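The values are calculated or read from the model by the stated rules, or taken from the named source; none is laboratory data. None of the values given here were measured: they were computed from a predicted structure. Glycine gets a Cβ as well: all are built from the backbone with ideal geometry, and neighbour counts include every protein chain shown.
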Protein chains: 2
Amino acid sequence: MNRPLKVALLGCGTVGSAVLRALQEQADDLGARVGRAVEVAGVAVRRPAHHPDVPADLLTTDAHGLVTRDDVDLVVEVIGGIEPARSLMLAAFEAGKSVVSANKALLAEDGVALHAAAAKAGVDLYYEAAVAGAIPILRPLRESLVGDQLSRIVGIVNGTTNYILSRMAETGAGFGEALAEATELGYAEADPTADVDGFDAAAKAAILASLAFHTPVSAADVHREGISTVTATDVARAAEIGCTVKLLAICERVANGSPTHPGDSVAVRVHPAMIPTTHPLASVGGAFNAVFVEAEAAGQLMFYGQGAGGEPTASAVLGDLVAVARNRLAGAAGQGPSGYADLAVRPMAETPTRYHVSLDVADKPGVLAAVAQEFAQHGVSISTVRQTGRGDAATLVIVTHSAPDAALSATIAALREMAAVRGVTSVLRVEGLQ
Amino acid sequence: MNRPLKVALLGCGTVGSAVLRALQEQADDLGARVGRAVEVAGVAVRRPAHHPDVPADLLTTDAHGLVTRDDVDLVVEVIGGIEPARSLMLAAFEAGKSVVSANKALLAEDGVALHAAAAKAGVDLYYEAAVAGAIPILRPLRESLVGDQLSRIVGIVNGTTNYILSRMAETGAGFGEALAEATELGYAEADPTADVDGFDAAAKAAILASLAFHTPVSAADVHREGISTVTATDVARAAEIGCTVKLLAICERVANGSPTHPGDSVAVRVHPAMIPTTHPLASVGGAFNAVFVEAEAAGQLMFYGQGAGGEPTASAVLGDLVAVARNRLAGAAGQGPSGYADLAVRPMAETPTRYHVSLDVADKPGVLAAVAQEFAQHGVSISTVRQTGRGDAATLVIVTHSAPDAALSATIAALREMAAVRGVTSVLRVEGLQ
């Protein structure tokens with residue numbers, strides 16, 4: 001009988017304890033799937049007293065000692081955050097251990113260096129759980145679609161903001177009210193900044209873009225806008241044009257160059273946007289996640305499921321754990337990501353987007369012409385315009401064609417200065433319209 | 001410079017020519033992703049004169065000679081059917097070559113023997129393209145979800161039947177009319193038997209069940225019913241209870257035993273069924289495919305995309321080709337499927353299902369009681385019943401709770417014999433109801 005593979009578990013919060021439970025309860029199945037028994041070598045936590053359910057002989061506060069122990073073969077990192085996770089991961093690689101991680105922030109900040117360290121040590125770094133929880137999306141991008149040319153990924157990858165926006169659409173509530181409800185129900189954390197301001201989604205977008213376009217993209221490369229400025233008016237206006245508001249993580253390959261980037265480049269952004277209710281992503285409600293992928297040959301694909309939670313995230317961690325365990329037994333590391341294409345990251349100002357704009361204007365001759373002229377002067381062409389009069393005032397709802405984002409935001413700034421424009425009541429980007 | 005990896009392409013129909021085109025047009029990208037140039041060694045076809053677009057020096061009618069050529073590293077089999085595909089695949093394995101296949105019929109009939117031959121030779125057998133075209137589903141099952149316990153897979157895996165059923169729902173047409181339209185538009189083949197009678201879906205169900213439950217399941221194990229008996233009445237009745245009719249491939253792990261199978265077992269079936277319009281699969285229309293997966297920890301997942309066509313299928317083939325090429329360079333075969341669980345396959349008669357039944361009955365006292373008594377005698381409990389009177393006749397619409405399929409079909413047979421039942425106007429299984 002061969003000796004069991006030993007796993008060091010770093011962190012034992014919601015995800016860690018679900019992983020630990022599965023390793024214990026499903027030991028037989030996991031052993032059969034790996035081809036060798038898999039055992040927990042130890043669990044590193046900050047405060048052992050807070051983990052009465054974990055056998056005391058497994059608990060340790062010495063995470064570094066645990067990952068470098070000779071009998072440890074594999075490391076599962078579910079601490080989150082940058083440090084000490086990064087140092088522990090690097091120590092694991094140096095000691096020849098493969099790592100499974102759920103750490104989106106760390107991978108998005110320092111993925112290139114971490115992958116280089118893993119490759120140098122000839123070990124694996126897998127992190128399916130870092131993006132969209134239980135939904136298998138990184139492996140399909142890394143492997144299934146590696147023979148295709150990806151053009152675009154649009155994802156709903158943050159459950160908290162999706163819950164808030166879903167509630168705003170269902171109840172007509174404003175952002176503050178919906179956030180308060182989400183906090184009360186446990187869908188939003190006490191400090192919701194990481195979710196609400198798009199940091200979480202931006203980290204995931206960076207990871208998705210890196211794999212999809214074979215190009216290193218870090219969180220700092222991602223244009224990021226959160227949902228705290230989305231108003232009940234924005235949501236109502238979206239419904240009027242057959243759309244719904246979602247926080248989207250968009251990764252796209254942009255061809256045809258731009259002033260500063262003449263070749264193909266990659267644009268990665270996170271912002272709220274209107275999408276048509278007929279789009280497959282529009283019906284993804286509540287705390288669910290979905291990732292929509294467009295590839296040259298495969299066409300349109302969508303991956304849907306639970307994006308967070310202990311059990312779903314543990315499922316992704318365990319899938320990776322079985323894979324790195326098998327690789328370990330086969331004496332080979334798996335297929336790492338490839339950064340060979342190394343495309344430029346295009347700044348948001350030069351990224352083509354479309355806008356929806358609602359204006360309160362004076363209802364008198366020449367106003368529509370003046371507004372239209374303002375768009376034209378910035379090189380922005382208008383797709384649809386709807387004018388509704390009400391006494392001496394009128395509402396203008398304009399959806400533009402695609403134009404560089406800077407031209408669109410400059411147009412909005414100019415409209416705000418026009419005498420005939422009494423107010424810009426709603427501005428949101430639009431995605432997925434024909 | 002290392003010598004390029006050489007690929008033998010067997011078959012050059014719709015999928016084969018899309019693969020060939022991609023290998024030629026995207027040679028640089030594929031080479032970068034593999035880490036070595038990939039070249040076409042030859043293309044085996046029956047009638048070279050029918051392939052004027054293929055360089056003449058690549059074409060050969062000697063498929064066996066091509067797969068066993070010393071300079072060939074990898075084989076792509078897109079001939080389809082059982083022979084000569086099986087012999088060629090076995091010859092490839094014996095000659096130490098990995099194989100990528102899109103052949104659902106062969107894998108569903110003989111998957112165990114083929115995997116054994118590949119494992120013995122230490123080479124790969126990958127076939128993502130065999131199920132649901134471009135949708136990455138086999139790799140997620142084989143790898144991403146390998147640390148989880150799958151309970152159920154429900155798939156729309158045949159585009160032809162989905163198109164026909166979608167049109168029946170949209171237009172109220174009968175099966176014959178919708179099939180004629182599908183044939184005219186090229187969505188159905190001249191001989192539509194494989195699609196319409198569920199053979200294609202059954203082969204895919206067998207492959208999905210094998211991977212999901214770590215148990216060998218062949219096409220012969222799959223209970224199969226096609227859609228040619230689905231009537232416009234069935235479709236209308238479905239709409240009345242908030243459902244839509246789909247041809248479903250269902251693979252489930254059934255616990256709690258049955259008379260002949262006391263332990264956990266696997267039930268695999270293909271048949272038309274009503275599903276609620278709120279179910280994620282209900283909105284999968286036209287020629288699209290989708291696979292809905294339920295796992296213990298991951299919860300509900302769905303994979304959606306194009307299930308057929310040259311380009312989408314070629315995307316899946318190329319993804320596999322890159323993987324087996326990388327494995328080849330790494331000197332290791334990838335993770336094969338595992339049949340360790342080896343669960344029993346439960347016969348359809350003992351598989352729990354739910355039925356929808358519409359009856360024309362005499363509208364007089366005691367009829368409902370008599371009908372209800374017939375269900376009770378067969379041990380079938382009723383979930384909902386709706387009676388609509390119209391003069392001396394009435395319509396009874398009954399949805400049952402779950403019961404062994406044999407008890408349900410025996411109940412229907414008995415109802416047909418009842419004097420008070422003037423006709424059984426619609427019988428269809430129901431899935432996904434709460």
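Okay, here's what the table says:
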read-out: Of all residues in the stretch A:324-348 being of a type in the set (Lys, Arg) and outside any loop (DSSP other than H, G, I, E, B), the one that is farthest from the other protein chains (Cβ to nearest Cβ); value: A:328
read-out: Members of the stretch B:221-246 found to be assigned to a loop (DSSP other than H, G, I, E, B), more than 14 Å from residue B:158 (Cβ to Cβ) and touching a Gly at 6+ places or on another chain (Cβ under 7 Å), listed by number; value: B:231
read-out: Residues satisfying the stated conditions in the stretch A:408-431, i.e. surrounded by fewer than 20 Cβ atoms within 10 Å (Cβ to Cβ) and part of a helix (DSSP H, G or I); value: A:409, A:410, A:412, A:413, A:414, A:416, A:417
read-out: Selection status of residue B:104, more than 14 Å from chain A (Cβ to nearest Cβ), out of contact with any Gly (no Cβ under 6 Å at 6 or more places or on another chain), buried (at least 24 other Cβ atoms within 10 Å of the Cβ) and under 18 Å from residue B:202 (Cβ atoms); value: yes
read-out: Residue tally, condition small (Gly, Ala, Ser), farther than 28 Å from residue B:34 by Cβ and crowded, with 18+ Cβ neighbours inside 10 Å, over the stretch A:325-370; value: 1
read-out: Test: residue in the stretch A:174-185 that is over 17 Å from residue A:427 (Cα atoms), within 14 Å of another protein chain (Cβ to nearest Cβ), buried (at least 18 other Cβ atoms within 10 Å of the Cβ) and not β-branched (Val, Ile, Thr); value: no
read-out: Selection status of residue A:146, more than 14 Å from every other protein chain (Cβ to nearest Cβ), at pLDDT below 95 and farther than 20 Å from residue A:287 by Cβ; value: no
read-out: Breaking point among (1) surrounded by fewer than 16 Cβ atoms within 10 Å (Cβ to Cβ); (2) small (Gly, Ala, Ser); (3) within 10 Å of chain B (Cβ to nearest Cβ), for residue A:393; value: (3)
read-out: Sole residue being over 21 Å from residue A:241 (Cβ atoms), within 9 Å of chain B (Cβ to nearest Cβ), in a helix (DSSP H, G or I) and over 17 Å from the mean Cα position of the chain (by Cα), chosen from A:314, A:297; value: A:314
read-out: Failed item in (1) surrounded by fewer than 24 Cβ atoms within 10 Å (Cβ to Cβ); (2) under 28 Å from residue A:343 (Cα atoms), with residue A:240 passing the rest; value: (2)
read-out: Any hit, the stretch B:137-148, residues being more than 20 Å from the chain's Cα centre (by Cα), charged (D, E, K, R), not assigned by TED's automatic domain parsing to the domain that holds residue B:63 and not in a helix (DSSP H, G or I); value: yes
read-out: Members of the stretch A:395-407 that are aliphatic (A, V, I, L, M), part of a strand (DSSP E or B) and in contact with a His (Cβ under 9 Å, 6 or more places away or on another chain); value: A:397, A:398, A:399, A:403
read-out: Any hit, the stretch A:15-27, residues being under 19 Å from residue A:327 (Cα atoms) and touching a helix residue (DSSP H, G or I) at 6+ places or on another chain (Cβ under 8 Å); value: yes
read-out: Residue identified as buried (at least 23 other Cβ atoms within 10 Å of the Cβ), under 20 Å from the mean Cα position of the chain (by Cα) and farther than 27 Å from residue A:397 by Cβ among A:188, A:212, A:249; value: A:212
read-out: Residue in the stretch A:191-220 that is nearest to the other protein chains (Cβ to nearest Cβ), counting only those that are touching a residue at least 60 places away in the same chain (Cβ under 8 Å) and not in a helix (DSSP H, G or I); value: A:214
read-out: Selection status of residue B:322, under 20 Å from the mean Cα position of the chain (by Cα) and modelled with pLDDT of 90 or more; value: no
